[in-house]
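S.K.: Quick one: this structure, given as structure tokens, is what I'll be asking you about.
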Amino acid sequence: METVYLDRNENNYGPSPKCLEVLKSATPDLFYMYSTDYKNGYKSALSNRLATEFSITEDRVLLGYGAEDLLKQVVQTYLNRKKKKLLIPDHSWWYYKEIANEVKGKSVEYPIVEGKDSYQYDIDKLMEIYNESNPEVVFLASPNNPTGNSISDEQLTYVLDRMTKSIVVLDEAYWFSNGNEKTTELVNKYSNLIIIRTFSKLYALAGIRIGYALVGSGLKRIKKLSNRYLGYNRLSEKVAIAAMDSFEYYNDISKKMAADRELYFTELSKVENIKVFKSDANFVLVKIPKESISSLKELFVGKGLVIKFMNEEIVNSHLRISLGTQEQNRRVIDAITEFYKTYNS
Ligand SMILES: Cc1ncc(COP(=O)(O)O)c(C=O)c1O
């Protein structure tokens, strides 16, 4: 039985065929020679391409070994071992706290609150904690992991207008829509803003480890510290560009994912005793009775389906299920439905 991994928010639809073509036509120089892109006046053909897509200058596009690396770069640049504060969501990717700890920074949490059928940002509370704590850096995640909710455009401008004394990072690893105008507008308007995205999720390229940051015009230090003088992974750069050239392919996947999320929501909403949350990401969060966790775990192991049983205190009776292919989603939904039919009876 083949194991299906739905626990790390990978994209099981896989990358566009154009990405695989790059590998087939790769020439040896890609492996044995460093990039010479700097001769053209930019870091990399990929940062240059992204700069064109977002209509900003290339020096404001940073590349990293996934969004993971860029988040760490920001924290290492601005938190700086002086017990400075990083403001993060209380429900968030565990990694945020970890990278603050690495530089002896202090994380301060703001709440993401549980609503009727989705989680939400509580902007008043966020601003209250912001004003009290005076953080060096603020992380906003949209959509947020593991809650799946986004910050609305209005909420985002409201907080950005007021967080002028900090570096604000918008982690958009889980953005799944096309259209760059809004992003460009934001990063041009707010000189203290950093928007971070990745090729791992929408583009199904987690294994090539490429993420990028678009930085506000005031952020000189990170631009300098982020420089890699011998260039970037040349093969990954080409694969990422091929993904950007595959608009139709990813547009189709993004539509399928919207339908997948909807299916999870409607089907699991019918199951008594559990609560499924609306999500804008490629995963859904489900709250289940604590007492059912160990037998549900056993059932999933038996079926060769790996999902994430959350263990952080704040979400410890929750499952986070990454969207799979339509067939895989059906298997998970059926397994949960059947399980609770018996459990509830
Ligand atoms: C919220 C969030 N941001 C960023 C990342 C990093 O992704 P990557 O390093 O693959 O770009 C993840 C990974 O799961 C994530 O959950």
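S.K.: Being in contact with a Phe, Trp or Tyr (Cβ under 9 Å, 6 or more places away or on another chain) and over 25 Å from Lys255 (Cα atoms), is that true of even one residue in segment 172-185?
M.R.: Checked against the condition, which is being in contact with a Phe, Trp or Tyr (Cβ under 9 Å, 6 or more places away or on another chain) and over 25 Å from Lys255 (Cα atoms), segment 172-185 yields no hits at all.
S.K.: Residue check: is Ser269 in contact with a Lys or Arg (Cβ under 9 Å, 6 or more places away or on another chain) and under 20 Å from Phe54 (Cα atoms)?
M.R.: No.
S.K.: Moving to a separate point now. Among (1) over 26 Å from the mean Cα position of the chain (by Cα); (2) touching a residue at least 24 places away in the same chain (Cβ under 8 Å), there is one condition Lys287 misses while meeting the rest; what is its number?
M.R.: It fails just one condition, (1).
S.K.: For segment 147-158, what are the residues that are within 20 Å of Glu114 (Cα to Cα) and among the β-branched types (Val, Ile, Thr)?
M.R.: Passing the criteria: Thr147, Ile151.
S.K.: Touching a Phe, Trp or Tyr at 6+ places or on another chain (Cβ under 9 Å) and either modelled with pLDDT of 95 or more or hydrophobic (A, V, I, L, M, F, W, C) (or both): which single residue out of Val138, Val103 fits that description?
M.R.: Val138
S.K.: Quickly run through segment 293-325 and pick out the residues that are among the polar types (S, T, N, Q), farther than 14 Å from Arg8 by Cα and surrounded by 15 or more Cβ atoms within 10 Å (Cβ to Cβ).
M.R.: Those that are among the polar types (S, T, N, Q), farther than 14 Å from Arg8 by Cα and surrounded by 15 or more Cβ atoms within 10 Å (Cβ to Cβ): Ser317, Thr325.
S.K.: Does segment 128-139 include one or more residues that are under 22 Å from Ile222 (Cβ atoms), in a loop (DSSP other than H, G, I, E, B), of a type in the set (S, T, N, Q) and more than 16 Å from the ligand (Cβ to nearest atom)?
M.R.: For segment 128-139, residues under 22 Å from Ile222 (Cβ atoms), in a loop (DSSP other than H, G, I, E, B), of a type in the set (S, T, N, Q) and more than 16 Å from the ligand (Cβ to nearest atom): present.
S.K.: Another question, then. Tell me, yes or no, whether segment 57-67 has at least one residue that is in contact with a strand residue (DSSP E or B) (Cβ under 9 Å, 6 or more places away or on another chain), modelled with pLDDT under 95 and either closer than 26 Å to Lys255 by Cα or not assigned by TED's automatic domain parsing to the domain that holds Thr198 (or both).
M.R.: There is no residue in segment 57-67 that is in contact with a strand residue (DSSP E or B) (Cβ under 9 Å, 6 or more places away or on another chain), modelled with pLDDT under 95 and either closer than 26 Å to Lys255 by Cα or not assigned by TED's automatic domain parsing to the domain that holds Thr198 (or both).
S.K.: For residues in segment 167-185 being surrounded by fewer than 19 Cβ atoms within 10 Å (Cβ to Cβ) and of a type outside the set (Asp, Glu), which is nearest to the ligand (Cβ to nearest atom)?
M.R.: Filtering segment 167-185 for residues that are surrounded by fewer than 19 Cβ atoms within 10 Å (Cβ to Cβ) and of a type outside the set (Asp, Glu), the one nearest to the ligand (Cβ to nearest atom) comes out as Ser177.
S.K.: Still on this structure: Out of (1) over 26 Å from Ile208 (Cα atoms); (2) among the aliphatic types (A, V, I, L, M); (3) touching a Pro at 6+ places or on another chain (Cβ under 8 Å), the odd one out for Leu263 is which?
M.R.: All conditions pass for Leu263, except number (3).
S.K.: Have a look at Leu156, Leu160 and point out the one that is within 28 Å of Phe265 (Cβ to Cβ), touching a strand residue (DSSP E or B) at 6+ places or on another chain (Cβ under 9 Å) and not in a loop (DSSP other than H, G, I, E, B).
M.R.: Exactly one of Leu156, Leu160 is within 28 Å of Phe265 (Cβ to Cβ), touching a strand residue (DSSP E or B) at 6+ places or on another chain (Cβ under 9 Å) and not in a loop (DSSP other than H, G, I, E, B), namely Leu156.
S.K.: To continue, here is another question. Inspect segment 300-316 for any residue being without any contact (Cβ under 8 Å) to a residue 24 or more places away in the chain, among the small types (Gly, Ala, Ser) and out of contact with any helix residue (DSSP H, G or I) (no Cβ under 7 Å at 6 or more places or on another chain) and give the result as yes or no.
M.R.: Scanning segment 300-316, I find at least one residue that is without any contact (Cβ under 8 Å) to a residue 24 or more places away in the chain, among the small types (Gly, Ala, Ser) and out of contact with any helix residue (DSSP H, G or I) (no Cβ under 7 Å at 6 or more places or on another chain), so the answer is yes.
S.K.: Moving on. Of all the helices (runs of 4 or more DSSP H) wholly in segment 194-282, which have at least 2 residues that are closer than 22 Å to Tyr34 by Cβ, touching a helix residue (DSSP H, G or I) at 6+ places or on another chain (Cβ under 9 Å) and away from the ligand (no atom under 16 Å from the Cβ)?
M.R.: 220-225, 234-244
S.K.: I would also like to ask the following. Can you tell me how many residues within segment 106-124 are within 18 Å of Leu170 (Cα to Cα) and either touching a Phe, Trp or Tyr at 6+ places or on another chain (Cβ under 7 Å) or within 16 Å of the ligand (Cβ to nearest atom) (or both)?
M.R.: Of the residues in that region, 7 qualify.
S.K.: Only residues in segment 48-75 that are farther than 17 Å from Thr183 by Cβ count as the first member; pair them with residues that are within 16 Å of the ligand (Cβ to nearest atom) and assigned to a loop (DSSP other than H, G, I, E, B), Cβ under 7 angstrom, at least 6 apart or cross-chain, and list the lot.
M.R.: From segment 48-75, the pairs are Tyr65/Arg209; Gly66/Ser200; Gly66/Arg209; Gly66/Ile210; Gln73/Ser226.
S.K.: Would you pick out the residues in segment 94-129 that are within 26 Å of Leu268 (Cα to Cα) and crowded, with 21+ Cβ neighbours inside 10 Å?
M.R.: Scanning segment 94-129 gives Ile112, Tyr119, Tyr121.
S.K.: Something else about it: Determine whether Glu132 is crowded, with 18+ Cβ neighbours inside 10 Å, modelled with pLDDT of 95 or more and acidic (Asp, Glu).
M.R.: No: the conditions fail for Glu132.
S.K.: Out of (1) assigned to a strand (DSSP E or B); (2) of a type in the set (A, V, I, L, M, F, W, C); (3) loosely packed, with under 14 Cβ neighbours inside 10 Å, what's the single condition that is false for Ile88?
M.R.: If we test Ile88 against (1) assigned to a strand (DSSP E or B); (2) of a type in the set (A, V, I, L, M, F, W, C); (3) loosely packed, with under 14 Cβ neighbours inside 10 Å, just (3) comes out false.
S.K.: Here is a further query. Within segment 102-111, is there a residue that is in a helix (DSSP H, G or I), within 21 Å of the chain's Cα centre (by Cα) and of a type in the set (S, T, N, Q)?
M.R.: no
The values are calculated or read from the model by the stated rules, or taken from the named source; none is laboratory data. Just so it is clear, the model here is predicted, and its values are computed rather than measured. Using ideal geometry, Cβ is built from the backbone for each residue, glycine included, and neighbour counts are taken over all protein chains shown.
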